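Report on the following structure.
Bear in mind these aren't lab numbers, they're just calculated from the coordinates by the rules spelled out. A quick note: this is a predicted structure, and the numbers were derived from the prediction, not measured. Neighbour counts are summed over all protein chains in view; Cβ atoms, including those assigned to glycine, are modelled from backbone coordinates with ideal geometry.
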Amino acid sequence: MIRVFRYSRPNAELRGMISRLLTTEQLRALAASPDLEEALRLLMATAYETMATGLLERGATTEEVERAMSGNLVASYRRTVSIVGGRQGAVVEQMARRLELENLKTILRAKARGESVDAVRTLIVPMEELSDLPYDEMMRAEDLEAMARTLANTEFGPVLSAALPRYEAERTLFPVEVALDLHYYRKLWQVAQLLFGNDLRVARRIIGIRYDSLNIDWIVRYRLIYQLSPEEIFNYTLPHGWRVDNAVVRRAASGEGIEDVTSALPNPYRDLLSAVGSLPDPVERTGLILRRYLSAVARLSLAGHPFQIGVALAYMWLKEAELHDLRVVLEAKRYGFPVEMATDRFWRAA
């Protein structure tokens, strides 16, 4: 009884936030709207009312709308962390730090291209207390070596320093970004292992499924786009997952084409991707199918026991998918893409 009472309020708050996520019909209506102004007017009838009203009043550009949406995602993470608290909150906070990682990679790319600080600053997602990176010092750093020194006292500093020799030798950020990605996801797994009981079982399954999808997407890209060797691919993937273990990674990484890779996978992934080889741009389509599967897993997780971390993880996955789909709508408005081109890229497809 005490456990039920303790979790009932957080569960009710999260369920309320989940109920205010956009429906597929609303997303399609936004995609079909004639312009950005009308899309914002439609958003005024949703949980985005305050944000959309302010953006309309100042005649915001699509870039300003995108930045506001990023801020909305961070606010959702902050609220979820405060609602669940404790070890559950620590897992959600580590999930949010993926945005911190993206900020870091954005700055690194700008440094590698020799772009100005001003060109980068508007792309940084404001993280507030969810990030402790020294952004001003990072902006002032002259190059990647200076960036590594600036980050020396953060968790990313040693990772960046270790990857710099390969960057210097190959003049590509690819090994640097892979090293940072792997560090982040390993840290998320470590934080999740501090949970107990049913929370631990649920987190291992849900996060494990996400890692399965990441590994499959990476294997396909590493093999078909970057032409990496099976051993390189193995070193560039995650050691944790739900169905995709080290043996699966080795088999899939040895495939010559998309059919070889997908046939080496366990179900449900083999069936999900069985026809991807016959589709245009199978690499991008693989990523889309996997992300839609993650959205389906998140929706199913909401139907389980109400007093567990799965509700918080599922909500944040669906929130991230929603923000992705809204960005797709914005891109369609900016470039005049047809409705079908936008909806075909939605992660939350019905």
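Output the residues belonging to the range 84-121 that are surrounded by 15 or more Cβ atoms within 10 Å (Cβ to Cβ), of a type in the set (Val, Ile, Thr) and farther than 21 Å from Met69 by Cα.
Residues satisfying the conditions are Val84, Val91.
Starting from residues that are under 19 Å from Arg98 (Cα atoms) and surrounded by fewer than 15 Cβ atoms within 10 Å (Cβ to Cβ), keep the ones in the range 122-151 and report whichever is nearest to the chain's Cα centre (by Cα).
Only one residue tops the list, namely Pro126.
For the structure I just gave you, tell me whether Val176 is part of a helix (DSSP H, G or I), touching a residue at least 60 places away in the same chain (Cβ under 8 Å) and closer than 13 Å to Gln88 by Cα. It would help to see each step written out before you state the result.
Details: part of a helix (DSSP H, G or I): yes; touching a residue at least 60 places away in the same chain (Cβ under 8 Å): yes; closer than 13 Å to Gln88 by Cα: no.
No, not satisfied.
Just need a number here: residues in the range 209-247 that are more than 22 Å from the chain's Cα centre (by Cα), within 29 Å of Leu300 (Cβ to Cβ) and of a type outside the set (Gly, Ala, Ser).
Final tally of qualifying residues: 1.
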